[in-house]
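Data first, discussion second: the structure below is written as structure tokens.
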Amino acid sequence: MKEHKTTYHLSKFAEVVFVSRPGQELYVKKIRNGTVIDHISAGHALDVLKILNIDGHEGDIVSIAMNVASKHQNKKDIVKVEGRELKPGEVDKIALIAPGATINIIREFEVTEKNRVKLPETIGGIVRCANPSCVSNAGEPVSPRFKVEKEDPLKLRCFYCARIMEKQDVLKQF
Ligand code: CTP
Ligand code: ZN
């Protein structure tokens, strides 16, 4: 069957490729080296790029597939970043935005590491409290800390002022 391919060039180095075959799932080609963030909940690939501060200006080749068929979920998004292996801090950020995503490290076309992201019970060091009067925003030596009340949809409760933070509040900070 005939394959249909649409490529959008976001910048000199970033492109989004949508490939569809009639009756089959959409896919993005395999990469040689880098990171594949797989099983992102459908429609949230751009949030993952946002939280990783990837906008194409870094020079890495980035491919995105959205709303593709998945074995485990109904639909999913995938982000592939070529030539770069995500650092542990970046993996933690993805857990906030895409619980259940898998991070695959690719070397010479092989998946050499596969990790399912998971939020710990408490988080610190990634986000600030959205309450301007919170003690963690007062210039005191009190670093922001949250209890993870719910992973999906995200609900974080500030340790100090009990303000509830949701995914949109987190994304605003990136
Ligand atoms: N992948 C890639 N380039 C490679 C190898 C793998 O882009 N050289 C992608 C695959 O397309 C897939 C993801 O990395 O989206 C994980 O690959 P793999 O573990 O081979 O796939 P599955 O077994 O389907 O993964 P899972 O069990 O996590 O669903
Ligand atoms: Zn607070």
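Coordinate-derived values only; no laboratory data. As the structure is a prediction and not an experimental result, all values here were calculated from the model. Reconstructed Cβ throughout: ideal geometry from the backbone, glycine too, with neighbour counts over all protein chains shown.
What the table below lists for this structure:
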quantity: Globularity ratio of region 89-166, using Cα Rg and 2.2 N^0.38 Å; calculated: 1.32
quantity: Under the Debye formula (equal points on every Cα, no solvent term), log10 I(q)/I(0) of region 122-171 at q = 0.13 Å⁻¹; calculated: -0.25
quantity: Spherically averaged projected area of region 36-122 from its Cα convex hull (nm²); calculated: 5.7
quantity: Gain upon complete extension [residue 172, residue 121; 0.36 nm per residue less C-alpha separation]; calculated: 16.1 nm
quantity: Per-pair calculated FRET efficiency, R0 = 41 Å: residue 157 and residue 105 via Cβ, rounded to 0.05; calculated: 0.80
